[in-house]
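Beneath this line is the structure, given in structure tokens, with notes to follow.
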Amino acid sequence: MQVFGPNELLADVLKKDLCIGCGACTEICPYFKSYKGRTSMLFSCTRQEGRCHAHCPKAEVDLDELSSFMFGKAYEGSPLGSYQSVVISKAGPEMIPGNFQSGGTVSALMTHALMERQIDAAVLTDWKGLIPVPELITEPGDVTRFASSKYVTAPTVSMFNKSKQLGYKRVGIVGTPCQLTAIAKIRTNPLDREDFEDTAGLTVGLFCTWTLDARDLLKYLSARIDVEKIKKLDIPPPPAEVLTVTTVDDEIELPLSEIRPMIPRACSVCPDMTAEWADVSVGGLEGSPGWNTLIIRTQKGAELISKAEASGFLVTDKMPKESFEHLSMAAGNKKARAFRQAMEDGCLNNKDDGHAALRVSPTILKEMNIESGEDNVGDT
Amino acid sequence: MTPLKHNPYNLVITGVGGQGNVMASRVIGNMLSIHGYRITIGETFGASQRGGSVRSDLRISEEIAFSPQIPKGRAHMIVAMEPAEAIRVLGELGNPDVKVICNMRPIHSVNVICGDFTYPSAEQHKEWLSDLSGQAWFVNTTEAAVKLGNPIFSNIMLIGALAGTGDLPLERDLFETVIARWLSADKVEKNLVAFDKGMSMVKDDKRDG
Amino acid sequence: MSAILKGKKGDQRLFMGNEAIARGALEAGVNVVAGYPGTPSSEIIESLSRVAKDRDIYVEWSVNEKVAAEVAAAGSLAGLRSMCTMKMNGVHVASDFLLHLALTGTRGGMVIVACDDPNAHSSQNEAEMRHFAQMLEIPLLEPGSFQDAKDLIKWAFELSEELRSIVFIRGTTRLSHASGQVVLDELPETERKAAFRHDGFILDQMTGSVISLPIAFKHPQLQEKLQKAAERYEGCPFNSYTGPENPDVLIITSSACTFYSIEAVHMLDLQNRAGILKLTTTWPLPKRLIKKHLQTAGQILVVEEVLPFMEENLKVLAYEIASEIGIKPILGKRDGTLPSHGEMRPDVVAGALAGITGTSVDQRSEEYEKKVNERVFFGAPARDLTFCPGCPHRASLWSIENVLQMDNRQGFVCGDVGCYTMGLSPSNFGTLKTAHSMGSGTGLASGFGKLDRFGMEQPVLSVCGDSTFFHTGIPALVNAVHHGSNMIMVVLDNSGTAMTGFQPHPGIEKNAMGDVAKSIDIAKVCEAIGAKVRVEDPFEVEATQEALFQLLEEEGAKVLVLKQVCALSPEKKWSKKFEMSVDTELCIGEECGCNRLCTRIFRCPGLVWDQESKTARIDSILCTGCGVCASICPANAIRKTPLAANGKEVA
Ligand SMILES: Cc1cc2nc3c(=O)[nH]c(=O)nc-3n(C[C@H](O)[C@H](O)[C@H](O)COP(=O)(O)OP(=O)(O)OC[C@H]3O[C@@H](n4cnc5c(N)ncnc54)[C@H](O)[C@@H]3O)c2cc1C
Ligand code: SF4
Ligand code: SF4
């Protein structure tokens, strides 16, 4: 993977509004900091190569390299990425109940992994007044505190970076596809550092179509409701076209047409809906609010699921064929849309001195009926 | 009144804020005043106290008082407390005949500290200073001053060195008279040691150029 | 004993221009002196404050120039001799009061010394004060030598008492801050009793009420005084001519430009062709004296700083007498012979004079010029001004910069006047984005803070020094609070007027004469005004940033007082709180994760980058032991060991 420095990160990502605020570039140096859901560069840094750039999920992401690192093979461009199996799941009877987004699969898996000491600590994401706050926890009992989806840009990866500094060796992390792309990049030791250690003990991905800018959402919602009272946000499947906000005493629906302008530009070039670089990926199951879709990708993931099932933390079932087809279509569409957009924006497979956000083999683009990105030459 | 080598004789004392420039130029001015010369001292201070360059122009003349600034290219002697400042002054006031006495201890500016500029080696500075002047003396007064107990004696040594060149009538007893106006007897003693030390530095130094 | 008191009549002393002025004031028997510090004027009051007790005079650093003028005027109205000092900007501040004082007139002698700073060595502009004399219709004097600077003060007091009017004296940097020989006169024994008379006839300037009305009476009276001044100027002993009887070129000059003119004539060896009329009385011009000299001259060159003030007035005069003496070519700034910006120098004047007389100035050889310029480029690296080691402003601006960048809404800081103005430069984070006059940062912020209705979402901050706070910061804050402006005023309280040399101000428990004075608590003042106030120590970096983040969340006008004594202050110098060291094992230097944050960005001169070991190092001579760098190091490699007050390590 190509690695540049902070100035390129500033020019190619931050200044081009491609930053998703994942925090991968923060907590490793004093120059990039995350505050209220946004990442900024505080002072200029002159390094030619830096971890900030190497970690960023919006700069020089070579999908082939990630795929061969995770799965030992080239990127195939299939809608759901590489996986062993797709099932549906929900928290089992042993799991403490909570304010789960869907079936509570994520919370159950993290609780179980912490209890079994498969991981020493977990990076989970909370929010305070709609401002995302990643935390590092070590107690299984704390996991449910983080239940429910925070539909905002969150610097979750910053806490993973911090966990490394604090000396944790096996850390579990729950994240969106972009956040887990950063984690995967981090795990490849992109700068070939001698002192490098892979401390990602477990990666649980969340499905994601898009997210919202934390500050914009805060501004929008606080003009309408008391944000301190929000319990849950949800986006029911089409054709609903609304964002439902459940508060302590009410449930309101807000039209997506008012919500969509708050989607970060970075999401438009994101080809990943199902968190392809995770051990397991979890999403909702259309029409069954109490259930999750669960994609088991790695051997580690498969082992975790069978143990969790055996100990009563998880219940699984067969994935209905119709739901599977629906999911594949949605994921495939997002992928094609993203590659097209990236090409249009001039940040796909850039040649010569050009800096790309994404790199994917031209054959795959052809298969997906997207014209070759070869004419993206350096825009210096 | 002994006739001056040049009328006016243009002497520059240069250094960095906090090195004691103003004090040195005052002492020299007062010494030469006793001889009956006309003295004008121009100095740049104010904001330059904060790490910037500081320069005193001394105009020493026989009848009329001259302006507080030496005209371009017309210095006769530059006493520098810092090598880069010596070069800087040469840029404005230097000429092929000018004499230079330079304390070789560098003081790095923020621009050097932060890596925007590189600071030349002492050898390089010496070569340039010799080449740009008619005669140059390189001394290590900071070092000697620290040995004497305080880096501030460096100024006094440079006054001694200037006296040692014999270019201006800066007699030892005049020096004593002038500093005795400000300092107590025991301090005068220390300063005389510094003055003598500076004088010997120039006398012992193999002259360049 | 202070330098300006030493010596008896006839002794010669080497004085700085400002010391000469101070000695002059003593020789004139001044009683009351008030001013506001500002380079290049500050040493006048500094010198006088040191001898105030000895000479039994009253000296104060006033809260601002307007109040200084009022305090001095009170002395005059009570029959005493009073002097007021300020830098040129101060005249703008004081001018409203002075406009009225000119009309009411004075009683005891009152002299205002205002110092201009051509080339803006220590200022943000090079505006001049001379035009104020014209606008206010009061006489102006410009000393052209160190001796004049001293002797003129007494003459000015006498003139003031004769006219019963304020007299302006103009200093410039090259006179105020340069030194030359001065022959002393006696220090008189004065015994003046102060009393303010107000029981006389209303129109009697000496005994009635003091008021600028009725204008139909007072304005013509003022103009009569000015005419009388012009008359007295005809015989002023501080005007002099040197040169041939009928010079080809007559240089008319004043102030420090007298030196440059003398030197230019000398450089070109034009003693037989050029004459110099040193004019001390530059407004109103003495008509007969001017006429006498214009008559004898071929051409005239006017040499002055900065604008063609004298030149224009001379031209008006020359026109009025053209029928008698014919039309004389008057060269200067209006025709471009000399520039109307920047300061004059001997070379500049010589160049102009050479052009007029067809002579030339010796130049350095091209070869030397080329060589020396090249070596300056490589051999004399730039020396940007920076905050001192251990300066609280560096710490304060560091925190502000970090917070505003993290906040990421293009927030900005309106700057003000003080050492912290250096925060405009990239060497000091470039945190400040505006800089105007005293107190104006907060006034601007008050305005910016109301623009949210027009869609402005940027956070607005101002910084203001403690002295500036009292000077003009308070009304700006009152305005912001009253109008509910969204802004944060950060008061950088370093306990003194550090920029100009630690003059006391109302926040300090000491006055100019060293007596105990009631200090005014800035935070309490702000609270009383109605602002939400936080007080922090800028050396506590985390707490400071936390406070800023919190204040950014609040509506309305807020104040953050960052209190920490200036590193140069006498009380702090040489006393280290911490012994600092760098753990070279932990320092990551240029590597990813730091890239020399401390030496490249934070840039305290006490920290040095060691090229050989590739780690940071503490320069223990420069380091003041403030400990701030320890909290910015991302690798925790900078250690601080607490020291007791005696400099020993705490056990
Ligand atoms: C921004 C976002 C967009 C999503 N979009 C879709 C979608 O389009 N389709 C779909 O099927 N599912 C989507 N999901 C996933 C879905 O909302 C549920 O998170 C998922 O079904 C798991 O449900 P659960 O009941 O197991 O989760 P829970 O047991 O409730 O656990 C939720 C976990 O998510 C983590 N989390 C919450 N917010 C964030 C965040 N912003 N960043 C990182 N981690 C976070 C918490 O740490 C917590 O552990 C999205 C989630 C997010 C955060
Ligand atoms: S996307 Fe993540 S890594 Fe990239 S710039 Fe933004 S916060 Fe940093
Ligand atoms: S759509 Fe992609 S970039 Fe946007 S939040 Fe989801 S995973 Fe991140």
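The values are calculated or read from the model by the stated rules, or taken from the named source; none is laboratory data. Predicted model, so just to flag it, every value in this text is computed and none were measured. Here the Cβ positions follow ideal geometry from the backbone for every residue, glycine too, while neighbour counts run over all protein chains shown. Ligands, DNA and RNA are stripped out before the accessible areas are found, and what is left, the full protein with its side chains, is counted by its heavy atoms. Shrake-Rupley method; radii C 1.70, N 1.55, O 1.52, S 1.80 Å.
By residue number, which cysteines of chain A lack any other Cys whose Cβ falls under 4.7 Å from their Cβ?
For chain A, the answer is A:CYS19, A:CYS22, A:CYS29, A:CYS45, A:CYS56, A:CYS178, A:CYS208, A:CYS267, A:CYS270, A:CYS347, because their Cβ atoms have no other cysteine Cβ under 4.7 Å.
Please report how far the C-alpha centroid of segment C:23-62 lies from that of segment C:289-313, rounded to the nearest whole angstrom.
Rounded to whole Å, the Cα centres lie 34 Å apart.
Quick one: dipole size for segment C:3-233, taken about the Cα centre, charges +1 on Lys/Arg Cβ and -1 on Asp/Glu Cβ, in debye to the nearest 20.
Here segment C:3-233 has a charge dipole of around 240 debye.
Take the alpha-carbon centre of segment C:536-579, take the same for segment C:81-129, and report the distance between them in whole Å.
What the calculation gives is 34 Å, centre to centre.
Three principal axis extents, largest first, for the C-alpha atoms of chain A, in Å?
Largest to smallest, the principal-axis extents are 56, 46, 43 Å.
Trypsin sites (Lys or Arg not before Pro) within segment C:150-253: which are DSSP loop residues with at most 10 other Cβ atoms inside 10 Å? The partial results should precede the final answer.
Values: sites: C:LYS150, C:LYS154, C:ARG164, C:ARG170, C:ARG174, C:ARG192, C:LYS193, C:ARG197, C:LYS218, C:LYS225, C:LYS228, C:ARG232; in loops: C:ARG164, C:ARG192, C:LYS193, C:ARG197.
Of the trypsin sites (Lys or Arg not before Pro), the ones in loops of segment C:150-253 whose Cβ has at most 10 other Cβ atoms within 10 Å are C:LYS193.
Kindly give Rg over Rh for segment A:16-136, based on alpha-carbon atoms, with the Kirkwood expression for the hydrodynamic radius.
Rg/Rh for segment A:16-136 comes to 1.02.
Can you list the GluC sites (Glu not before Pro) in segment B:1-84 that are in a DSSP coil and have 12 or fewer other beta carbons within 10 angstrom? Write out the running numbers ahead of the final one.
Details: sites: B:GLU43, B:GLU62, B:GLU63; in loops: B:GLU62, B:GLU63.
Qualifying residues, ordered by number: B:GLU63.
Summing both sides, how much accessible area is buried between A and C? Use a 1.4 Å probe and give Å² to the nearest 100.
By this definition, chains A and C bury close to 1800 Å².
Tell me, what is a quarter of the convex hull surface for the C-alpha atoms of chain C, in nm² with one decimal? Intermediate results must be reported in sequence, preceding the final value.
Working: hull surface 142.1 nm².
For chain C, the mean projected area of the Cα convex hull comes to 35.5 nm².
With only alpha-carbon atoms counted, please give the Rg and Dmax of segment C:3-233, in Å.
Computed over the Cα atoms of segment C:3-233, radius of gyration and Dmax are 16.6, 50 Å.
How far, in degrees from 0 to 90, does helix C:17-27 lean away from the longest principal axis of the Cα atoms of chain C, to the nearest 10?
Roughly 60 degrees between the two axes.
Please name which of C:PRO118, A:LEU109, C:GLN295 has its Cα lying farthest along the dipole of the protein assembly as shown towards the positive end, using unit charges on Cβ (Lys, Arg +1; Asp, Glu -1) and the Cα centre as origin.
C:GLN295
So what's the gap between the Cα centers of segment A:1-49 and segment B:182-204, to the nearest angstrom?
Value for the Cα centre distance between the two parts: 58 Å.
P(r) for the protein assembly as shown, please, calculated from all Cα pair distances in 10 Å bins and given in %.
Each 10 Å bin holds this share of Cα pairs: 2, 8, 14, 17, 16, 13, 10, 8, 6, 4, 1, 0.
Do the sum for chain B: with -39,500 (n - 2.57) for every DSSP H run of n ≥ 4, divided by all residues, what is the mean residue ellipticity at 222 nm, to the nearest 500 deg cm²/dmol?
Helix-only estimate at 222 nm: -13500 deg cm²/dmol.
Averaged per residue, what accessible area in Å² does segment C:219-264 show with a 1.4 Å probe, protein chains only?
Computed with neighbouring chains in place, this is 39 Å² per residue.
Say R0 is 22 Å: what FRET efficiency, to the nearest 0.05, do A:GLU116 and A:ARG145 get from their beta-carbon distance?
According to the calculation, E is roughly 0.65.
To the nearest 100 Å², how much accessible surface do chains B and C cover up together, summed over both, with a 1.4 Å probe?
By this definition, chains B and C bury close to 5300 Å².
Kindly provide the trypsin sites (Lys or Arg not before Pro) of segment B:1-81 that DSSP labels as loop, not H, G, I, E or B, and whose Cβ sees at most 15 other Cβ atoms within 10 Å.
B:LYS5
Excluding ligands and nucleic acids, what accessible area in Å² is computed for C:HIS482 using a 1.4 Å probe, to the nearest 10?
About 140 Å², ignoring ligands and nucleic acids.
For chain A, with a Gaussian network of springs between Cα atoms less than 10 Å apart, report the residue from A:SER85, A:SER158, A:SER34 with the top mean-square fluctuation.
Result: A:SER85 has the largest fluctuation of those listed.
Among C:GLN221, C:GLN545, C:PHE97, flag the residue with its Cα farthest along the positive direction of the charge dipole of chain C, charges on Cβ as +1 for Lys/Arg and -1 for Asp/Glu.
The residue sitting farthest along the positive end of the dipole is C:GLN221.
Helix A:321-344 versus the longest principal axis of chain A: what angle, 0 to 90°, nearest 10, using Cα atoms?
Relative to chain A, helix A:321-344 is tipped by roughly 30 degrees.
If I model a spin label as a point 7 Å beyond the Cα along the Cα-Cβ vector, how far apart are those points for A:SER311 and C:HIS436 in nm?
Taking the two extended label points, one gets 6.8 nm.
What FRET efficiency, computed as 1/(1 + (r/R0)^6) with R0 = 51 Å and r the Cβ-Cβ distance, is obtained for C:ASN479 and C:ARG334, rounded to the nearest 0.05?
0.80
As an exercise, use a Förster radius of 41 Å and the Cβ-Cβ distance of A:LYS73 and A:GLU241 to find the FRET efficiency, rounded to the nearest 0.05.
0.60
Would you work out the charge dipole size for segment C:371-489 about its Cα centre, treating the Cβ of every Lys and Arg as +1 and the Cβ of every Asp and Glu as -1, and quote it to the nearest 20 debye?
My answer is approximately 260 debye.
Give, rounded to the nearest 20 debye, the magnitude of the charge dipole that the protein assembly as shown has about its Cα centre when Lys and Arg contribute +1 at Cβ and Asp and Glu contribute -1 at Cβ.
The dipole of the protein assembly as shown has a size of about 1820 debye.
If you count the DSSP beta bridges with both ends in the protein assembly as shown, what percent of them are antiparallel, to the nearest 5?
Rounded to the nearest five, the antiparallel share is 45 percent.
At 0.36 nm per residue, minus the direct Cα-Cα distance, what do C:PHE217 and C:GLN12 gain on full extension? Give it in nm, one decimal, please.
69.1 nm
Percent of accessible area on segment C:544-595 owned by carbon and sulfur, 1.4 Å probe?
50
Return one number: the angle in degrees, 0 to 90 and rounded to the nearest 10, between the long axis of the Cα atoms of helix C:392-407 and the longest principal axis of the Cα atoms of chain C.
Taking Cα atoms only, the helix is inclined about 60 degrees.
Given B:LYS197/C:LYS371; A:LYS229/A:LYS334; A:LYS150/A:LYS185; A:LYS219/A:LYS351; A:LYS150/C:LYS563, which pairs have Cα atoms separated by over 29 Å?
Correct reply: B:LYS197/C:LYS371; A:LYS229/A:LYS334; A:LYS219/A:LYS351; A:LYS150/C:LYS563.
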